[in-house]
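Quick note: the coordinates plus some simple rules give every number you see, no bench work behind them. Predicted model, so just to flag it, every value in this text is computed and none were measured. Here the Cβ positions follow ideal geometry from the backbone for every residue, glycine too, while neighbour counts run over all protein chains shown.
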Amino acid sequence: MALTRRRFTTALPALGLAALVGPVPLRAQDLGLVPGAEIDQTDILQAALDGLAPDGGRLVLPAGRVMVRTLDLPSGVSLEGVPGASVLAQLGSGPLLASRGASHITLAGLTLDGNGSDADLWHGGLIHIEDCPSLTIADCTVRATGLNGIALHRCAGDVRDCSITTSALTGLFSYDAAGLRFSGNTIADCDNGGIRIWRGEPGPDGTLITGNRIARIGWTGGGNGQNGNGINIFRADEVIVADNHIADCAFSAVRLNATANTQVRGNLCLSSGEVAIFSEFEFSGSIISDNIVDGAAAGISMTNFSEGGRLAVCSGNIVRNLAGPSQTNPDLETPYGIAAEADALIADNLVDTVAGVGISAGWGPYLRDVSITGNLIRDTEIAITVSVAPDAGSATVIGNTISGARRHAIAGTAWWDIETPDLTADPARHPALTVSDNTILQP
C-alpha cells in the first residue's frame, strides 16, 4: 500500500521515530525503520521526509545506527536526533544529506558517518546544501568522509556547536555565501582544511567565524598554501574571523587570499607550520588585531604588494617563539615576527623570541608607506628591518622598544642582504625613511 501523506500522518501515533508533524507524534515501527540493522533503509526515511513536505515539520530519529544512501531534504523540514546516539551511516557514496533550492532546513543532534565514502561531486560534502536561504545545522557530528564534512553553496544561516572530524578535504566549506555564521564548532583531523570560505569572483560575503576550535589540519593535497590552513578566506570580502582556537595546522592558522575589509581578531594560533596569520596577494583592508601567535615558521604577514596586496592594520598582537624552516616551508631562510609591504600600520605589538627578524617592512622594491610604531621587540637576531633596495618607498620607525637584538637593532636591507646595519646612524643616507625616538636596550 502506498505511503500517502494522509496515511503517513494518521499513522504517526504509532511511530518510535518520535517525530512531530504539528501535534501528532511519529513512531518508527509503523514506518518499518529498524535501528541497528545492516540493511538499506533509505526508502523508509525518504518517504518520511517527503511526507512532511510541503508543509514541513519535525522528524526526530531514535537512538541507533541506520544505514542509508543519499537523503534529499525538502523545504521546511527539521531532521533531528538524539545527540551522540542517532547515527546515519553512508551505505553508498556521495552526500548523506543533500538539498538544492529548498528553504528553512534544520538539522540537529545527528551523527553522520561517511564510512570513508567519496563521490565525483564538485566541492561536495557529506552534508551538501545548495541555494538554501535559511539553514540551521546544530549539535551534529560529521565524520569519516572522503568529501568535505559540510559543503554549503550559496547559503545563509548558522552552523553551530558541531563536531566535524576526519574529512579527506575540509571540515566546513562555503562557496558564494549569502550570510553564514559558523560558531562554537570543533573541527579536527581533516586532511586539507579546517574552514574554507571561497567565492568564484571577489565580492561581499559577510561570513562570521567565531569561537570555533580547529586542530590538526593537514595538506595531503600538497601545494604552497592552498591546503593545510585552519581558516582560509579566498576572494570573500567583509568576513570576520574572531576568538577562535587554532592549533597544529600544516600551513596557516588563518590565511586570507585576495580579500577586502576582513577582520582577524582575538584568535589563539598555536604551532603553525608556515605563516600563522597571512594576508596575501590582492588583499585590501585587513585588520589583524589582538591575536596570540605562539609557535610558527613566521608570525603575521601582510605582503604581495607586487600583486596588489595593500592596506592593513596589525596591532595589539603577541607573536612569539618563531623558529624558522619547517616541513611545509623549508625555503624560509630567516623567520620573522611581523612583515608588511604597503600602506600598513604595525603598532603596539609584542614580538618575543624570534630566530630571525622581529618586524620587517618591505621586500626589495616593494615598500610603500609602512609605519612601525610603539612595538616591543625582544630576543631576536635583528629587531627591525626596512628595505632600502633601489625603488623602495617610504617607512617610519618611531617610538619602539627593542631589547636583546643580538646582531642589529634597526637595519636597512636589500632583499635578504644587510645594506645598512644601523639606520639610526646616518639618517640622511635614506631620506625616504624616518627613524626616531626608539629605545634600544642591550642584551
Checklist entry - Where does each of 122, 363, 415 land when they are ranked from fewest to most other beta-carbon atoms within 10 angstrom? => result 122, 415, 363
Item to check | Calculated log₁₀ intensity ratio I(q)/I(0) where the Debye formula runs over C-alpha points of region 182-283, q = 0.13 Å⁻¹ | outcome: -0.37
Checklist entry - Rounded if a/c is under 1.5, else prolate if a/b beats b/c, else oblate: with a ≥ b ≥ c from the C-alpha gyration tensor eigenvalues square-rooted, which is the chain? => result prolate
Next on the checklist: Classify region 59-198 from the C-alpha gyration tensor, please: rounded if a/c falls under 1.5, else prolate or oblate depending on whether a/b exceeds b/c.
Outcome noted: rounded
Checklist entry - For the pair residue 417 and residue 307, what calculated FRET efficiency results from E = 1/(1 + (r/R0)^6), where r is the Cβ-Cβ distance and R0 = 22 Å, to the nearest 0.05? => result 0.40
Item to check | Under 12 Å, Cβ to Cβ, from residue 135 - net charge with Lys/Arg +1 and Asp/Glu -1 | outcome: 0
Item to check | Cβ-defined net charge surrounding residue 240, 14 Å radius [Lys, Arg +1; Asp, Glu -1] | outcome: -3
Item to check | Theoretical gain in end-to-end length, residue 407 to residue 50 [0.36 nm per residue, Cα-Cα removed] | outcome: 121.4 nm
Checklist entry - Say each of residue 115 and residue 261 gets a label point 7 Å from the Cα, pointing the same way as Cα to Cβ; how far apart are those two points in nm? => result 4.7 nm
Item to check | FRET efficiency estimate (nearest 0.05) - Cβ-Cβ, residue 243 to residue 131, R0 30 angstrom | outcome: 0.50
Checklist outcome for this item: So for region 275-321, using the alpha carbon gyration tensor with a ≥ b ≥ c as root eigenvalues (a/c under 1.5 gives rounded; past that, a/b versus b/c decides prolate or oblate), I'd call it oblate
Next on the checklist: Under a crude label model (7 Å from the Cα following the beta-carbon direction), how far is residue 37 from residue 441 in nanometres?
Outcome noted: 7.4 nm
Checklist entry - Which ordering of 67, 302 is given by a fewest-first count of other beta-carbon atoms within 10 Å? => result 67, 302
